[in-house]
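Below you'll find the structure, written out as structure tokens, and then a few comments.
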Amino acid sequence: MQLWTCVIQLELHITTPCVSANPTVDSLGGDLAYGIGVSMFAPIPKKEHWPLKLHTFMNIGKCVQYDTDRSFTDNITKMVTNPSVSVGVGLMYR
């Protein structure tokens with residue numbers, strides 16, 4: 001019997017700051033972003049045959065504007081400090 005399934009994902013997005021007269025609008029509002037997520041799934045105890053599974057997760061990340069007055073290293077430091085964190089528990093239909 002399989003107890004836990006773990007999924008880990010890592011995302012890093014770096015876009016070039018727009019210098020044109022009509023910059024495009026990014027729905028996230030940033031030029032630098034990263035995200036790390038961990039999800040774990042498990043069957044409900046004594047109901048392993050059910051399609052519902054227990055789900056726990058933790059996500060960490062941040063999205064910032066690229067400041068052209070700062071160095072690239074300073075911008076990366078700004079991005080990785082004080083990240084947003086979310087955690088949760090729920091049910092998943094599988």
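The table below lists the values:
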quantity: Gained length - Gln9 relative to Leu52, 0.36 nm times residue gap less alpha-carbon distance; calculated: 13.2 nm
quantity: Neighbour-count order for Asp69, Asp74, fewest beta carbons within 10 angstrom listed first; calculated: Asp69, Asp74
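Bear in mind these aren't lab numbers, they're just calculated from the coordinates by the rules spelled out. All values reported here derive from a predicted model rather than from experimental measurement. Cβ atoms come from the backbone with ideal geometry, glycine included; neighbour counts cover every protein chain shown.
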